[in-house]
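The values are calculated or read from the model by the stated rules, or taken from the named source; none is laboratory data. The shown structure was predicted, so the numbers you read here are calculated from the model rather than taken from an experiment. Note: ideal-geometry Cβ built from the backbone for every residue, glycine included; neighbour counts use all protein chains shown. Areas reflect the complete protein model, heavy atoms only, side chains present, ligands, DNA and RNA absent. Shrake-Rupley method; radii C 1.70, N 1.55, O 1.52, S 1.80 Å.
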Amino acid sequence: MTRSEMLFSEAVRYIPGGVNSPVRAFGSVGETPRFIASAKGAYLTDVDGNKYLDFVGSWGPMILGHNHPVVLEAVLEACREGLSFGAATEREVEMAELICSLVPSIEMVRMVNSGTEAVMSAVRAARGFTGRSKIVKFAGCYHGHSDAMLVKAGSGVMTAGIPDSAGVPEGCTQDTLTAVYNDLDSVKELFTAFGTEIAAVIVEPVAANMGVVLPQKSFLSGLRRLCDEYGSLLIFDEVITGFRLSLSGAQGYFGIDPDLTTFGKIIGGGMPVGAYGGKKDVMELIAPSGPVYQAGTLSGNPVAMAAGLAQLKLLRDTPDFYDELNRKSDRFFEKIKEVVQQAGKPWQVNHIGSLGCVFFTDSRVSNYAEAKTSDTEAFSRYFSFMLQHGVYLAPSQFEAMFLSSAMTEEELEGVLDIWKAYLNQSLS
């Protein structure tokens, strides 16, 4: 028995499912989770000494790779000054100024502790601003585990085959309306029926929790027009895409300004951080300046702010960072597509910038229903083969692959060779 297997058998005695977040359990791929001991650059090392090229990157934050020396030193310096104060700090002001300077739609921002908390707060702000109750979300888009958002959610809920969550009263979701991603007509129908009651539309500008699904042309701009027409707010959930696709996020990449944006992952540099921000007239309604209440003991934690500031400044100050990372990523995913096609497999390779996903289905994937046509057993076989050959992927068909700048062209070529070996095996 490996040490990971021993730890997991112990963990299930004290932790529900043996993990502190469901997808980590490896349940959908028939494996035992690997318990990680350390990480450096593009690699993870588990407690048994196995080394893996990491395409999870802590589910997105590690765009520079693990333990980047500049980020690490900033964290150590902050730790020496104190771990938490429960009071205002200079770093919070610097972080707010930096985010506002990088993302044109953000005039004010509030730090929180997770993406879930950011979404909860942004939705509350939208309701407070509009005086309306209903929210439109999209099937397969995951916006955290708050009650109102666990309706046809993606991510771990999708992986586990749980359409909704037990413990969520019907009253908590009665004002959540669900549309089809990439289908403007489905959104128009909701606005026709409930337009004067809809406070906001919340969307992942690139869906990355049902696998990676790109917005079709005019989808995001169409949402912007509908929200303007009906006096509703448009919320971009950029917990994953924020500072991933570009220095101004997906909204800068696509040229669409939302009214509110939620952030997480990259802005924390690996520490637990979230944020939400937007137009000043909306954000000034947040307590203590307004009547929309939201608070958090650890919000703006000095160590987390130090990590996030160090990472964001590196991204800002590194010339051509995104051009280089996106070029390298595009080449990698296009090469996977070539290898798959040459092997005569019908699988779909969706990608944008350093986000990508291989769907084990022969139909295009542009929404939740199409993503669910994937052969999850085929994915499991692929996952196990890659893991055995030192490639660490998200243990779910319905999650993204994240590339980091720490990955070299040679390492990515090595992964392509493993892909070829996998396909040769599956064809024999």
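What is the packing order of peptides 65-76, 211-222, taking the mean over residues of other C-beta atoms within 10 Å and listing the highest first?
With the highest mean Cβ count within 10 Å placed first, the list reads 211-222, 65-76.
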Subject >> Length added when fully stretched, Asp281-Ala421, from 0.36 nm per residue minus Cα-Cα >> reply: 44.8 nm
Original post:
Which net charge results for the neighbourhood of Gly231, defined as the other residues with beta-carbon distances under 15 angstrom from its beta-carbon, given Lys and Arg at +1 and Asp and Glu at -1?
Top reply: +1
Subject >> Per residue accessible area in Å² of segment 219-346, where ligands, DNA and RNA are left out and the probe is 1.4 Å >> reply: 37 Å²
Original post:
If r is the Cβ-Cβ distance from Gln216 to Ala87 and R0 is 41 Å, what FRET efficiency results, to the nearest 0.05?
Top reply: 0.30
Original post:
Considering amide H positions built from the backbone, and no H for Pro or chain starts, which residues 5 or more places from Val136, or on another chain, come under 5 Å of its amide H?
Top reply: Leu177, Ala200, Val201, Ile202
Original post:
With +1 on each Lys and Arg Cβ and -1 on each Asp and Glu Cβ, how big is the dipole of the chain about its Cα centre, in debye rounded to the nearest 20?
Top reply: 340 debye
**OP:** Would you mind counting up the charge near Tyr392? Only other residues with Cβ under 13 Å from its Cβ, with Lys and Arg at +1 and Asp and Glu at -1.
**Re:** -2
**OP:** Quick one: work out the % antiparallel among DSSP beta bridges in the chain, nearest 5.
**Re:** 60 percent
Original post:
Once phi is turned into ³J(HN,Hα) by the Karplus curve 6.51 cos²θ - 1.76 cosθ + 1.60 with θ = phi - 60°, what whole-Hz value does each residue of segment 323-337 show in order, with x for glycine and proline?
Top reply: 4, 5, 5, 5, 5, 4, 5, 4, 4, 4, 5, 5, 5, 4, 4
Subject >> Total formal charge among the other residues, if their Cβ is under 14 angstrom from that of Lys134, Lys/Arg +1 and Asp/Glu -1 >> reply: +1
Original post:
Among (1) 43, 27, 20; (2) 33, 27, 21; (3) 43, 24, 19, which is the computed semi-axes √(5λ) of the Cα gyration tensor in Å?
Top reply: (2)
Subject >> Within the accessible area of the chain (1.4 Å probe), percent carbon and sulfur >> reply: 51 percent
**OP:** Could you run the Karplus curve 6.51 cos²θ - 1.76 cosθ + 1.60 with θ = phi - 60° over segment 282-290 and give me ³J(HN,Hα) per residue in whole Hz, x for Gly and Pro?
**Re:** 7, 5, 6, 7, 6, 4, x, 7, x
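Rounded to the nearest 500 deg cm²/dmol, what is the calculated helix-only ellipticity per residue at 222 nm for the chain, with -39500 (n - 2.57) per DSSP H run of length n ≥ 4?
Here the helix-only value at 222 nm equals -12000 deg cm²/dmol.
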Original post:
Mind listing which chymotrypsin sites (Phe, Trp or Tyr not before Pro) in segment 236-327 are in a DSSP loop and have 13 or fewer other Cβ atoms within 10 Å?
Top reply: Tyr293
Original post:
Given the protein chains as shown and a 1.4 Å probe, how many square angstrom of Thr361 are accessible, to the nearest 10?
Top reply: 10 Å²
Original post:
What ³J(HN,Hα) values, in whole Hz, does the Karplus curve 6.51 cos²θ - 1.76 cosθ + 1.60 give for segment 292-301 when θ = phi - 60°, with x put for Gly and Pro?
Top reply: 8, 8, 7, 8, x, 4, 9, 4, x, 3
